[in-house]
Amino acid sequence: MIEVVAKLGRGPVFLAGEVLECVITFTNPLSALSTSASSEMLAWASAQIHCQFHASENRVALPPSDGSKHDVQAENETVFVPNRGERGQCILSTPPKILFCDLRLDPGESKSYSYCETLPVDGPPSFRGQSVKYVYKLTIGCQRVNSPIKLLRVPFRVLVLHGLKDYQFPQDEAVAPSNPFLEEEEGLKKDSRLADLATELLMVATSRRSLHLYNISNTRGKVGTFCIFKTVYKIGEDVIGTFNFSEGDIPCLQFSVSLQTEESIQEEFQRRRGQPVSFTVHARHQESCLHTAQSSFSLPIPLSSTPGFTTNIVSLKWRLHFEFVTSGESAGTCLVRGSQSEAVTWTGVEQMEVDTFSWDLPIKVLPTNPILASYVSQFSSTNSITI
């Protein structure tokens, strides 16, 4: 028996273009109950990153693909197929890397190998929607002599930030001697600079504040105004807005604000022409506001959510969805006096004519620092299997 443990040192969330590093440890455990422990032999081990795409048959019409053949390989064949048994299509993969060949482990002995690979910048982000799914995995395949291939899958999340793909890193001003042994250090240095650059670009894009004022009105007149200070956010931030009903002509009885994503399939891949888009609510605020001069809301963008993106099949957009309930009568008839005594009590009417209307405000949601997103990731940094 051999235990295989794969550990992502920095966490299970990465930015496209970063270097994924995984330490894979093979151990021949020394059991206290075993009286005659023996050495174990592994023929080979290999690792590869792939992105699996799955689409709902009821919503997405994919063209026939000659390359999407079913896996008919027998389990005991010495062929490393990372997406063996997976649903959907493998739309992206890195070249496989051999970790070792002919590894012998004595009882209680362990050996670790480091796997490093740059995540492609032209791939889609990780996404689990109602119509499509993009799932990234690092698959480690290993085989004992005269035994079936065993696969250890390490799922992780990929965030995509547009603008990093074409960025050219400046040359270092200091002239250093050429040293082939520093190649890995230079790669890690570039990876660190990539993360710093992404953080800087996100900070610049989301820190710009400018007052956006919108008049809220229906066919009968003005209800109030809405104020928001920016429309570009990172996941993990709060969307904050304020209402002013003091200058409205029509009384607003109630309002609700929903933070939503709009998942739409490109027209050429729609199962039915003109099929409706899919909406997902991530946060919602509802409030009764009769005789309220000002009000506000704060909606958090979950760190586990997917920033807006577009591929050749699907697009994801973010928006604020507003719903207003206004009085169909004048402000003076909304309340009824309860008594004529010195202590006047006002009570609400039992029935009231109301009007409802809605409004959508598009916003832009970008990724955040992948280290921050790792804290709330559903994926584990450590995965294991026994072969």
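Quick look at the numbers
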| quantity | calculated |
| --- | --- |
| Number of the exception - ARG59 against (1) more than 27 Å from the chain's Cα centre (by Cα); (2) modelled with pLDDT of 90 or more; (3) open to solvent by 70 Å² or more (accessible area, probe 1.4 Å) | (1) |
| Qualifying residue in region 206-220 (condition: at pLDDT below 90, under 29 Å from LEU372 (Cα atoms), part of a helix (DSSP H, G or I) and small (Gly, Ala, Ser)) | yes |
| Index of the failed condition, SER327 passing every other in (1) of a type outside the set (A, V, I, L, M); (2) modelled with pLDDT of 95 or more; (3) crowded, with 17+ Cβ neighbours inside 10 Å | (2) |
| Where LYS230 falls short, out of the listed (1) closer than 28 Å to ILE301 by Cβ; (2) touching a Phe, Trp or Tyr at 6+ places or on another chain (Cβ under 8 Å); (3) modelled with pLDDT of 85 or more | (2) |
| Region 20-31 residues that are outside any loop (DSSP other than H, G, I, E, B), paired with ones that are of a type in the set (S, T, N, Q) (beta carbon under 6 Å, 6 or more apart) | VAL23/SER112; VAL23/SER114; THR25/SER110; THR25/SER112; THR27/SER110 |
| Within region 213-265, tally of residues that are free of Cβ contacts under 8 Å to residues at least 40 places away in the same chain and buried (at least 21 other Cβ atoms within 10 Å of the Cβ) | 1 |
| Some residue of region 279-292 being touching a strand residue (DSSP E or B) at 6+ places or on another chain (Cβ under 6 Å), at negative phi, part of a loop (DSSP other than H, G, I, E, B) and open to solvent by 40 Å² or more (accessible area, probe 1.4 Å) | yes |
| Top-ranked residue in region 221-255 [being assigned to a loop (DSSP other than H, G, I, E, B) and among the hydrophobic types (A, V, I, L, M, F, W, C); ranked as nearest to ILE371 (Cα to Cα)] | ILE235 |
| Residue match in region 163-177 (condition: open to solvent by less than 30 Å² (accessible area, probe 1.4 Å) and at pLDDT below 95) | yes |
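The values are calculated or read from the model by the stated rules, or taken from the named source; none is laboratory data. Predicted model only: the values in this text are computed from it and were never measured. Positions of Cβ are backbone-derived with ideal geometry, glycine not excepted, and every protein chain shown enters the neighbour counts. Heavy atoms of the whole protein, side chains included, go into the accessibility calculation; ligands, DNA and RNA do not. Shrake-Rupley method; radii C 1.70, N 1.55, O 1.52, S 1.80 Å.
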